[in-house]
Structures are given as C-alpha cells and as structure tokens.
Amino acid sequence: MRKRYSRSQDGKIVETASVYTAGEHGIDPGDLDHDAVKVVRRLRRHGFDTYIVGGAVRDLLLGKKPKDFDVSTAATPNQIRKLFRNSRIIGKRFRLAHILFRDKIIEVSTFRSQDAEGFKNIYGTIEEDVLRRDFTANALFLNPEDNTVVDYVGGVRDLQRRVLRPVIPLNRIFREDPVRMIRAVKYAVTGGLRIPWRLRRQIRKDRARLEETPSSRMTEELFKILNSGHAAGIVGMLMDLQLYRAVLPAQADLAGRSSAYCGKLMERLGLLDVKRREHGPLDRADLLVFATADYLLEYSPFADQRRIPFRDAYYGLKDFLNPVTPANREVEAAINEIFRNKGRLLRDEAPEHLDSRSGGRSGGRRRRRRRRTPSSGDAAKEQTGRIADSPG
C-alpha cells in the first residue's frame, strides 16, 4: 500500500491518504463501465485530476455490480461542457455535468470546497471534497488508468470491517440533509454493514428532521427502496429505528397497531424483492401493488364491502400514501391491478380526471375515467396479479 502526502499549513509534510493497488483492493477492471472510464481518461488527458467515485467504488469493493458510475473531477462544469459535446449542465444551486450516452448518463461533479455549505457552487480540491461526503464507504476514489483506490478517510478498512462510519461530524451530518438517515439504512442493508451505536444514537436524536423532507424527494426515496431488491430489509430497519413514520406515516401506524398486517407487509415486500432480483426493475405502478395490496384488500375502511367505488379506493389510497405523491395514473393502474378479476370495483364512480402534468383538474366537467393498465409486460402483470389475488 502506497501513501499520499501533502504539505500542511505550517509547512510540514503530512500523510493524507492511502493508495491501494489492484492486488490489494481486488477490483477487476473488467467490471468498470466502459463509458465512465472514457470520461475519466479524457479529463485526465486534459490535465484534470479525475476519478470514479462514491457508490460504484463501494459496491465494487463489496463484490457487487454497480448500477451507476459517477465521476468526480477538478474540472468545472463549463470546462467539462467544452470537452464533451454530448453533455449538459444541470442544477441551479449546485451545478453538475451529465454526459449522455445511448443507454446511460454519467454524472460528473466538480470537487467541492469545505466552504460549500448546502448546495453552493464553491469548488475546491479533492482533499476538501472528500470531507463533504457522507460516509467513509462513499468517500473512495478509483483511478481506472492504474486501477488504484485513493482513500483519505479509512473507507477501505471500514468496508473490510463491514461498518458504516460517517465522514461529516455527527452533530452536522443529518442536520445538513436528513435523508442521509434513510441512506444510512439502505447502505447498511444492501452492503451488509453495521451501524455503530453512536450513529444510531444520532439517528434517534435527529429522526424528527425527516418530517421536513419535501414530498417529491420522499416519493423518490420510497420508490428507490421498493425497487432496490432489498425492500423488506430496508423497511424493517426503518421501522426499527422509527424512521418509517416519516416515509409512510399511515402504513407505519397500521403496522405498529397490527402485527398481522406488519407480517403480511413484510412477506409481500419479500416477494417483491424476489421478483425484482429475477426480472429487474419494476414500474412504479407494480411497486405500489406490492406495497399497498394488503391494505386495500383487507385493512382499508371499505375492505369489507362487496363492491367498492373506484373513487373511494382512489382517494383512500392517496391518503394512505401521503406524503408520498405518485402520479395519478400510477395510483389508478395499481388499483386496477390489485382488484383485477375480483369484480369489486364500481367503474361508474371514478374520481374526476386529474391532469398529472399540471396538478389540477383538467376542466370544469367531470370526465369519465379511461381504464389504464400498468406499462410493464404482460408476463409481469400476470405474476403481479396472482400475488395480489392471494394476499394471505
């Protein structure tokens, strides 16, 4: 293992990072995304210090196949834009570059300064940038040109010990971004990492902050959890840490009051995980089927009715999901799938059509609801329907 050194403010030479070689970290270059490697090489060829960073390096060290490859560089967004015609700059508060390929987007961020609180566009060095990252497991930099991993914070050691350790001080990490509590749980479950007691204690102290999360962001976090292939484990740990009440309060409350419902929910999420791992990502309507079928069929206020007005099911499910706000068409499709072939819905009592693009009603008159189906394939719909038809 090599060491990286720099000069301190008082002029002394100090060790700043450990550099792990290919024989030490074990990452196979064949597992790297070809386009991400091309991005790194071009930026480096033009004199910019650049690495593959974050979750991709973490997953590779854990022996997993990353879903996304992000890049971090000394180049500014405008400099990146000049080097890549197939790129665009996104973000108003903190600007990033997206480099577009046929089937993917490589996200390229500029090293951030320690003074870049929140999302300010203040750029810095790699030594500063690493201290802005949430956990040591996500603060590792991979240079694909020589296949070395640069570690400023002991992240490789923490992954070997299977422990999740924060980089940002505990009194700031969740105050700056409460969603990091959810991400800590996701990293722990998907990576088999242990959350140490000090971090757990801070989560308990700060968990009320999660309730301040905008509904749009919480919606995206929920669907990421459901589509992770580890939904049962993540939801279970969120419940144990009393974080799930900030995600789906009504469902968390029902699970707390009814052990039978909680058991059925976890069993259903386990079936979802199996389906996700076997068939790949599901569309959001199918995810809602797995997350809400037992509630609609057995625990909703109208579950014992022989015929259920679609309007009741629609608005009942929207209330149950609050503050998560899936698209109206996704809620409609999930309801159709849950009650498929049961003949329990009264189709002539559909809610007024809502224009999902504008968020308001599309006219003064009540429109008759057009029947929609989920956009997944017939085989997936048939399997989902079978699961929903037998909630027990």
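The values are calculated or read from the model by the stated rules, or taken from the named source; none is laboratory data. Remember, it's a predicted structure, so these values are computed and weren't measured experimentally. Positions of Cβ are generated from backbone atoms using ideal geometry, with glycine treated the same way; all protein chains shown enter the neighbour counts.
Descriptive notes on the structure:
- Some residue of segment 76-85 being at pLDDT 95 or above, surrounded by 22 or more Cβ atoms within 10 Å (Cβ to Cβ) and under 21 Å from residue 156 (Cβ atoms): no
- Of the candidates 268, 277, the single residue that is modelled with pLDDT of 95 or more and within 24 Å of residue 220 (Cβ to Cβ) is 268.
- Residue in segment 342-357 that is within 30 Å of residue 213 (Cα to Cα), modelled with pLDDT of 95 or more and surrounded by fewer than 19 Cβ atoms within 10 Å (Cβ to Cβ) present: no
- Residues of segment 289-311 satisfying the condition of being touching a residue at least 24 places away in the same chain (Cβ under 8 Å), out of contact with any Asp or Glu (no Cβ under 6 Å at 6 or more places or on another chain) and closer than 24 Å to residue 257 by Cα: 290, 291, 292, 293, 294, 295, 296, 297, 298, 299, 305
- Any chance residue 31 is of a type outside the set (A, V, I, L, M), under 19 Å from residue 135 (Cα atoms) and surrounded by 13 or more Cβ atoms within 10 Å (Cβ to Cβ): no
- Filter result for residue 156 (assigned to a helix (DSSP H, G or I) and at pLDDT 95 or above): yes
- Of everything listed in (1) closer than 25 Å to residue 187 by Cα; (2) modelled with pLDDT of 95 or more; (3) surrounded by fewer than 20 Cβ atoms within 10 Å (Cβ to Cβ); (4) in contact with an Asp or Glu (Cβ under 6 Å, 6 or more places away or on another chain), the single unmet condition for residue 66 is (2).
- Across segment 263-274, a minimum of one residue is classified as free of Cβ contacts under 8 Å to residues at least 40 places away in the same chain, assigned to a helix (DSSP H, G or I) and over 18 Å from residue 230 (Cβ atoms).
- Candidate set: segment 224-266, residues that are basic (Lys, Arg) and within 17 Å of residue 180 (Cα to Cα); chosen: the one surrounded by the most Cβ atoms within 10 Å (Cβ to Cβ): 245
- Boolean, residue 149 is more than 26 Å from residue 226 (Cα to Cα), in a loop (DSSP other than H, G, I, E, B) and not polar (S, T, N, Q): no
- Scanning segment 160-190 for residues being in a helix (DSSP H, G or I), under 18 Å from residue 243 (Cβ atoms) and of a type outside the set (Asp, Glu) gives a total of 15.
- Some residue of segment 199-216 being surrounded by 15 or more Cβ atoms within 10 Å (Cβ to Cβ), part of a loop (DSSP other than H, G, I, E, B), on the phi < 0 side of the Ramachandran plot and of a type in the set (Val, Ile, Thr): yes
- Screening 6, 72, 87, 109 for residues that are of a type in the set (Ser, Thr, Tyr) and outside the structural domain of residue 133 (by TED's automatic domain parsing) leaves exactly one candidate, 6.
- Flag if residue 54 is surrounded by 18 or more Cβ atoms within 10 Å (Cβ to Cβ), out of contact with any Phe, Trp or Tyr (no Cβ under 6 Å at 6 or more places or on another chain), at pLDDT below 95 and not hydrophobic (A, V, I, L, M, F, W, C): yes
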